[in-house]
Amino acid sequence: MNLTYPTALVLEALARGHHHGFQIMDVTGLPSGTIYPLLRRLDREGLVSSRWEKPAVARREQRPPRRYYQLTAAGEAMRALALERFHAVEILIGAARKKLRPARSEA
């Protein structure tokens with residue numbers, strides 16, 4: 001996988017508990033045209049695992065079903081490499097700590 005700055009941001013957002021596309025877009029400021037292809041690529045390469053939420057949950061909340069993503073062990077290793085390679089990510093995270101806060105647990 002090509003380790004880019006947007007990839008590093010997405011890996012960090014996932015590590016902080018932001019598990020679906022809209023949350024990741026919100027905390028990283030990246031557009032959907034970047035986030036969703038990146039998540040699919042991370043999934044294909046085994047850096048994240050994904051699952052669809054139960055349709056009943058989405059119906060109850062009157063919205064489309066969400067796909068949830070979680071880092072795998074390989075994804076955690078890639079995140080560590082990203083933090084080494086993009087030291088600026090740490091600076092960004094420090095500056096954007098309010099945005100990249102841990103996510104609230106979703107039931």
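Hey, how much of the P(r) for region 1-47 falls beyond 11 Å, as a percent of Cα pairs?
On the way: 672 of 1081 pairs.
The share of Cα pairs beyond 11 Å in region 1-47 comes to 62 percent.
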Suppose each label sits 7 Å from its Cα in the direction of the beta carbon; what would the Ala74-Gln62 distance come out to in nanometres?
4.2 nm
Using only alpha carbon pairs under 8 Å that are at least six residues apart, calculate the relative contact order of region 1-95 and give it in whole percent.
32 percent
Kindly provide the GluC sites (Glu not before Pro) of region 1-94 that DSSP labels as loop, not H, G, I, E or B, and whose Cβ sees at most 14 other Cβ atoms within 10 Å.
Glu45, Glu61
Counting Lys and Arg as +1 and Asp and Glu as -1 over every other residue whose Cβ sits under 14 Å from the Cβ of Glu45, the net charge comes to +2
In whole Hz, what ³J(HN,Hα) sequence does region 24-35 give by Karplus (6.51, -1.76, 1.60; θ = phi - 60°), x for Gly and Pro?
5, 4, 4, 7, 9, x, 7, x, 4, x, 9, 5
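Taken together, the values in this text are just the output of simple stated rules run on the coordinates, not laboratory data. As the structure is a prediction and not an experimental result, all values here were calculated from the model. All Cβ positions, even for glycine, are placed from backbone atoms using ideal geometry, and neighbour counts span all protein chains on display.
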